[in-house]
Amino acid sequence: MSPLLLALAVTLVKIAVVLGAVMTAVAMMALIERRFAGLIQDRPGPNRVGPFGLLQPVADGLKFLFKEEVIPDEADKWIYLLAPLLAFVPAMAFFAVIPMGTPFTVFGIVVEPLIAPSSFGVLYILALSGLSVYGVFLAGYASGSKYPLLGGLRATAQMVAYEIPMAMALLAVVYAARSLDFTVIADAQAGTWFGVVPKWFVLPQIIGFFVFWVAILAECKRLPFDLPEAEAELVVGFHTEYSAMKFAMFFMGEYAHMIAASAIVTLLYFGGWHLPFAVPGGNLGALIAFAAFAAKTAFFLWLFIWIRWTLPRYRYDQLIRLGWTVLTPLAFLNLLITLFTCRAPGVN
Amino acid sequence: MATALFFAFAALALVFGILVAALRHPLYAALSLVGVIGCLSVLFYLLGAPFLAMVQLIVYAGATLVLILFVIMLLGLRSEPRAPEAHPVQKGLGLLLCLNMLLFFLLGAGTLVRKTVPMTGGGARSGVEDLGRLLFSRYLLPFEAVSLLLLAAAVGAFLLARREWK
């Protein structure tokens, strides 16, 4: 087999594996979210379908598939149909540049656990994050109904506002690692201070991490910032008029976005797959690295759920004020601290 | 492969560009502009400038166009009324200008084709380092002047908006 065909085949297999894994994780998250909500509210949660309710996502999926597809009379038909795709596709496309561990060897081929190695992964993430506004926005517009319209407007203003502190926090990490490549950023956090404390960016950039995490909660439209879908005011906001599989697309997009966000936080601030102690080399080391990465990502997914079922919702003016007058100055402060504490690039 | 993709996306960019001008509904026109920007971003990437490609998406598609769409949605614009019929002299002048532009671009493209740059796809280098070095050495003064201009524009916009509720 020629090298080009081989590379193509390897990439296609990677895409299939990553898509499958993410879709499975999305289905599991839908279940875990409800089970965890049950735990916090002292009730069982969905536990009827299969052992521990494990088959609940399958039942949900089948239900979505067989429900009637409704298109409202007042809807702008083409944009109405386009919006769920625009919400789902960018969320899945995040995973193209997210490295998930160290290279391993299969059948004599060295495989990097990353679909598209690129020197500008951070920029790609920012671009997709900007594009993910469109799905929500167009859904709100095209539904031809007032609640989705209000939800769409809220979501757009919120996502544009919180992109600024998010990008500023990212800039500090990029400066500290001197790269826009996620693999290089993760490798810059290898090793320890005094032999025990891991060299993760979360320690020198604790403010940056806080800002980034809060901004991500807003970008993913999760509580306490789920104003676009505040059910007490807007039914469910931008996807009020969507049913069946089109609703499921928004739903899956939201969870995929959360998984990508957790993986990105892990890579930027928690050392990616690096552990504060030495791991063996070879395929065993790659397996441990992947397990470490997956465990850290799972922790942040759990944090998403924990925050959702613990904190009440913000008011909309509070949300916007928090973004512009608290998080943005804090992100700049973090950037200044980083500029003064890190050595300048090229002065190694 | 890269060349075929380049021409495919160039053609798509043209189609979206025509749609921006041809569609009457402001929302559809703005969405077509997003399409143009997406195609241009792909072209930048194929020409070995991935940094420009990403910035194109972040700045134009992610911020500028979102604001334009936001205004369209806030004002609740549905469809633009038909423009009044233009004067024959206006039509003639417009056509002449269009032909002039077409000629200009054809000649310009003719000279460009002779200096073709190989399409690299820009996998290994993002071009950020080169761009940064140029911006902070050779083009430092224009770069700072442009940022000053943007600051002035921002202050001006703020002042204009503020006068309303003084």
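Please treat every number below as a calculation from the coordinates, not as lab data. No experiment lies behind these values; they were computed from the predicted model shown. FYI the Cβ positions are ideal-geometry reconstructions off the backbone, even for glycines, and counts take in every protein chain you see.
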| query | If you wrap a convex hull around the C-alpha atoms of chain A and split its volume per residue, what is the figure in Å³? | reply | 168 Å³
| query | With the radius of gyration and the Kirkwood radius both derived from the Cα set of region B:2-103, what is their ratio Rg to Rh? | reply | 1.06
| task | Partner chain Cβ atoms within 10 Å, averaged over the residues of B:53-62 - can you pull that number for me? | result | 6
| Over chain A, what is the relative contact order in whole percent, taking alpha-carbon pairs under 8 Å and six or more residues apart? | 23 percent
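Taking neighbour Cβ counts within 10 Å as the exposure measure, how do B:45, A:242 sort from fewest upward?
Neighbour counts put them in this order, fewest first: B:45, A:242.
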| remark: For residue A:111, other-chain or 5+-apart residues with amide H closer than 5 Å (H placed, Pro excluded) are A:104, A:105, A:106
| query | So which of A:221/A:246; A:14/A:63; A:14/A:221; A:146/A:221; A:67/A:221; A:246/A:296 end up more than 22 Å apart by C-alpha? | reply | A:14/A:63; A:14/A:221; A:67/A:221; A:246/A:296
| message | Need one value for A:309-316: mean number of C-beta atoms belonging to other chains within 10 Å of its residues' C-beta atoms. | response | 0
| Which order do A:145, A:129 fall in if you start with the one that has the fewest other Cβ atoms within 10 Å? | A:145, A:129
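With runs of 4+ DSSP H residues as the only contributors, calculate the mean residue ellipticity of chain A at 222 nm using -39,500 (n - 2.57) per run, divided by the residue total and rounded to the nearest 500.
Values: 13 runs with 216 residues, N = 348.
Calculated at 222 nm, the ellipticity per residue is -20500 deg cm²/dmol.
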| Where does the charge balance sit around residue A:187 when Lys and Arg score +1, Asp and Glu -1, over other residues with C-beta under 11 Å from its C-beta? | 0
| FRET E, pair residue B:8, residue B:97, Förster distance 30 Å, beta-carbon r, rounded to 0.05 | 0.55
| query | residue B:159 versus residue A:288, label points 7 Å from Cα toward the beta carbon: distance in nm? | reply | 6.4 nm
| What is the mean number of Cβ atoms from other protein chains located within 10 Å of the Cβ atom of each residue in peptide A:123-136, rounded to a whole number? | 5
| note | Protection proxy (average C-beta count within 10 Å per residue), highest first, orders A:284-294, A:50-60 as A:284-294, A:50-60
